[in-house]
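Below you'll find the structure, written out as structure tokens, and then a few comments.
The values are calculated or read from the model by the stated rules, or taken from the named source; none is laboratory data. This one's a predicted model, so the numbers in the text were calculated from it and none came from an experiment. Backbone-built Cβ (ideal geometry, glycine too); neighbour counts: all protein chains shown.
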Amino acid sequence: MKTKIILDCDPGHDDMMAIMLAASSDELEILGITTVAGNQTGDKTFENARRVLTLIERKDIPLARGADKPIIRELITAPQIHGTSGLDGAELPGPDAPYLDCHAVDFIIDTVKTSPEKVTLVPTGPLTNIGLALIKAPEIKKNIKEIVLMGGAVYDSNMTPGAEFNIFVDPEAAREVFLCGLPVTMVGLDVTNKSLMSFAQAEEISGWGGKISSVVGPLMRFFAQANLDYFGINGAPIHDALTVATLINPAVVEFENYFVDVETRGELTRGQTVADVYGVTGKKPNCRVAMRVNNRLFMSIMMDAVKKLDARLAGAV
Ligand code: RIB
Ligand code: CA
């Protein structure tokens, strides 16, 4: 039985890799893709999702645009990492993929309500759409299997010394999600900053000469260079694809169960995912937190996915 997912994303180089990995997997059924403002403005992340679906020839996947800003705060984007377009580094095809007129929040609500099996929500951007869906229609929780999100960290950060970007951008939405009572899996920077594609691997992919690899290689090289320049990280941390990979092969990470809350009022700590690693609060864990990654396994999953999409578009499978 395939795992039914809705991927909520802000493409974004690593969101693109998450879409590709999910689309290549026999284990997952993508019920839809929704977009949110984050890495770039809402119009750009939406257009990028359309471009990616056009590139991989999956215009059949339902697509809906979501929030252009966080629930109460002003939008903060990440052009220093993803560029002006949000997917700088290679030319993607025109945004030809069709899309639904409804808002992403309503798509999530309607799709979850009507699914014959429980749905797994996979957010890889700020949690605005997910938080709003849970606020607008809390009854959908009974048909959500789990929420497997890219965001946060226990011991790492990338936006302030205490916070990760997705949670920092919309901490109120994030708190709604972490405290909603559903099983939450947090794939945070503790593992994703170690899920690196090397410059050499990006060059190897570029050399494959396929329709997908010819775009993925240069995009990953751009993403790796931006992370090296900005954080000193020597490679492309494919945060969002690792999150999807945990649904395909759970051996790719190891989890710990913690109670996690989200700071929404701190001046220095806005958006920090505060994990009770020693159980000092006495609160029951609400979150499976990925704390160790098998990057060799993850990279083999990722490289195989690109090869599979190359072959599929070449008519080989
Ligand atoms: O902090 C990394 C996360 O923020 C990733 O999901 C990246 O795409 C951005 O959304
Ligand atoms: Ca993202």
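Of note:
- Failed item, numbered, when Phe255 is tested on (1) touching a residue at least 60 places away in the same chain (Cβ under 8 Å); (2) on the phi < 0 side of the Ramachandran plot; (3) touching a helix residue (DSSP H, G or I) at 6+ places or on another chain (Cβ under 6 Å): (3)
- Count of residues meeting criterion [closer than 19 Å to Pro98 by Cβ and either more than 14 Å from ligand 1 (Cβ to nearest atom) or of a type in the set (Lys, Arg) (or both)] in the stretch 1-19: 1
- Hits in the stretch 140-160 - residues which are assigned to a strand (DSSP E or B), more than 16 Å from ligand 2 (Cβ to nearest atom) and in contact with a strand residue (DSSP E or B) (Cβ under 7 Å, 6 or more places away or on another chain): Ile144, Lys145, Glu146
- Just one of (1) among the hydrophobic types (A, V, I, L, M, F, W, C); (2) within 16 Å of ligand 2 (Cβ to nearest atom); (3) over 19 Å from the mean Cα position of the chain (by Cα) fails for Ala137. It is (2).
- Of all residues in the stretch 227-251 being aliphatic (A, V, I, L, M) and closer than 17 Å to Gly151 by Cα, the one that is farthest from ligand 1 (Cβ to nearest atom): Leu247
- Test: residue in the stretch 157-176 that is β-branched (Val, Ile, Thr), out of contact with any helix residue (DSSP H, G or I) (no Cβ under 6 Å at 6 or more places or on another chain) and at pLDDT 95 or above: yes
- Set Asp10, Asp43, Asp14: member being over 27 Å from Lys113 (Cβ atoms), charged (D, E, K, R) and either near ligand 2 (Cβ under 10 Å from one of its atoms) or crowded, with 24+ Cβ neighbours inside 10 Å (or both): Asp14
- Within the stretch 1-80, strands (runs of 3 or more DSSP E) holding 3 or more residues that are free of Cβ contacts under 8 Å to residues at least 12 places away in the same chain and touching a helix residue (DSSP H, G or I) at 6+ places or on another chain (Cβ under 9 Å): none
- Verdict on Ala202 being touching a residue at least 24 places away in the same chain (Cβ under 8 Å), in contact with a helix residue (DSSP H, G or I) (Cβ under 8 Å, 6 or more places away or on another chain) and closer than 22 Å to Pro70 by Cα: no
Quick grid of which residues meet (1) within 13 Å of ligand 1 (Cβ to nearest atom); (2) crowded, with 17+ Cβ neighbours inside 10 Å; (3) within 15 Å of Leu75 (Cβ to Cβ); (4) free of Cβ contacts under 8 Å to residues at least 24 places away in the same chain:
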{"position": "Ile109", "(1), (2), (3), (4)": "no, yes, no, no"}
{"position": "Lys113", "(1), (2), (3), (4)": "no, no, no, no"}
{"position": "Glu117", "(1), (2), (3), (4)": "no, no, no, no"}
{"position": "Leu121", "(1), (2), (3), (4)": "no, yes, no, no"}
{"position": "Gly125", "(1), (2), (3), (4)": "yes, yes, yes, no"}
{"position": "Asn143", "(1), (2), (3), (4)": "no, no, no, no"}
{"position": "Val154", "(1), (2), (3), (4)": "no, yes, no, no"}
{"position": "Ser157", "(1), (2), (3), (4)": "yes, yes, no, no"}
{"position": "Ala163", "(1), (2), (3), (4)": "yes, yes, no, no"}
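- Qualifying residue in the stretch 205-214 (condition: in contact (Cβ under 8 Å) with a residue 24 or more places away in the chain, buried (at least 24 other Cβ atoms within 10 Å of the Cβ) and within 14 Å of ligand 1 (Cβ to nearest atom)): no
- Members of the stretch 101-134 that are away from ligand 2 (no atom under 16 Å from the Cβ), assigned to a helix (DSSP H, G or I) and among the β-branched types (Val, Ile, Thr): Val105, Ile108, Ile109, Thr111, Val112, Thr114
- Residue in the stretch 161-183 that is away from ligand 2 (no atom under 16 Å from the Cβ) and of a type in the set (Val, Ile, Thr) present: no
- Residue match in the stretch 272-287 (condition: over 17 Å from the mean Cα position of the chain (by Cα), aromatic (Phe, Trp, Tyr), away from ligand 2 (no atom under 16 Å from the Cβ) and surrounded by 14 or more Cβ atoms within 10 Å (Cβ to Cβ)): no
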